[in-house]
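Everything on this sheet refers to the single structure shown next.
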Amino acid sequence: MGAKRILVVDDNRDVLRLVDEALSAAGYEVTTAPDGRSAVRDGALSLPDLVLLDIGLPDVNGFTVCTRLREKPAALVCPIIFLTAATDIDSRLQGFEQGAVDYIVKPFHIKELLARVKVHLHEDEAPRGDVPSPLTQREREVVKLLASGKTYKQVARALRVSQSTIRNHLHNVYHKLEVVDRAQAVIVSREHGWI
């Protein structure tokens with residue numbers, strides 16, 4: 001099996017270079033794009049396994065790029081992680097609603113970026129623990145679908161429930177696992193072999 005393909009989208013050339021070098025050194029095939037139009041074009045051409053996407057792009061914002069990557073002709077279903085300096089909850093929620101699976105806030109540590117990329121590409125098979133899951137079967141299904149890169153809307157459609165039901169399940173998951181977001185819920189669930 002070939003190297004996993006990653007599309008990195010950022011208008012900051014230094015960030016592009018840093019992330020490109022780190023991911024390439026880790027064995028990934030990297031494509032970089034400095035703006036939204038290039039990102040949509042490159043996404044359709046390279047069909048990446050994961051996208052690292054800045055929100056503040058010069059031509060269109062990252063939320064719009066995310067939507068366009070999910071639509072045809074690209075029609076990407078891969079995980080999209082936002083790289084952003086925005087730390088407000090509204091931006092994060094908007095990103096998750098658009099289909100992002102995670103946020104990495106700038107400035108970030110390259111080791112954290114690599115760790116999150118590995119988690120979302122399912123590369124390090126999580127050790128199967130003996131700790132029983134505190135989650136119900138439905139909660140595990142929700143976390144598993146979100147881990148695969150699906151949006152709340154797609155998860156709701158797949159499970160034939162409302163988006164508010166999905167949010168309620170996630171609220172319970174966060175409480176049970178003592179985490180604050182979906183990325184942490186996925187990480188903890190994988191570490192224990194629950195999904």
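The values are calculated or read from the model by the stated rules, or taken from the named source; none is laboratory data. Values in this document were obtained by computation on a predicted structure and should not be read as measured data. Note that we place each Cβ from the backbone using ideal geometry, even for glycine, and neighbour counts take in every protein chain shown.
Values computed for the structure shown
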| read-out | value |
| --- | --- |
| Residue match in region 18-40 (condition: among the charged types (D, E, K, R), in contact with a Leu (Cβ under 6 Å, 6 or more places away or on another chain), closer than 24 Å to Leu114 by Cβ and buried (at least 17 other Cβ atoms within 10 Å of the Cβ)) | no |
| Within region 146-195, helices (runs of 4 or more DSSP H) holding 2 or more residues that are hydroxyl-bearing (Ser, Thr, Tyr) and more than 17 Å from the chain's Cα centre (by Cα) | 163-177 |
| Selection from region 47-62 of residues that are closer than 24 Å to Lys118 by Cα and surrounded by 18 or more Cβ atoms within 10 Å (Cβ to Cβ) | Pro48, Asp49, Leu50, Val51, Leu52, Leu53, Asp54, Ile55, Gly62 |
| Looking only at region 64-111, and only at residues there that are within 20 Å of Lys144 (Cβ to Cβ) and of a type in the set (Val, Ile, Thr), the one that is farthest from the chain's Cα centre (by Cα) | Val77 |
| Among (1) modelled with pLDDT of 85 or more; (2) touching a Cys at 6+ places or on another chain (Cβ under 9 Å) - the single one Arg116 does not satisfy | (2) |
| Yes/no for Asp10 being of a type in the set (Asp, Glu), in contact (Cβ under 8 Å) with a residue 12 or more places away in the chain and under 22 Å from Ala115 (Cα atoms) | yes |
| Counted residues, region 156-195 - those being hydrophobic (A, V, I, L, M, F, W, C), surrounded by 15 or more Cβ atoms within 10 Å (Cβ to Cβ) and either out of contact with any Lys or Arg (no Cβ under 8 Å at 6 or more places or on another chain) or at positive phi (or both) | 10 |
| Residue under evaluation Glu112, criteria (1) in the same structural domain as Phe82 (by TED's automatic domain parsing); (2) surrounded by 20 or more Cβ atoms within 10 Å (Cβ to Cβ), criterion not met | (2) |
| Selection count, region 61-86, where residues are at pLDDT below 85 and either over 24 Å from Ala22 (Cα atoms) or assigned to a helix (DSSP H, G or I) (or both) | 4 |
| Cβ pairs under 6 Å, 6+ apart, first in region 123-141 and at pLDDT below 90 and loosely packed, with under 14 Cβ neighbours inside 10 Å, second in a loop (DSSP other than H, G, I, E, B) and not acidic (Asp, Glu) | Arg128/Gly193; Gly129/His192; Gly129/Gly193; Val131/His192 |
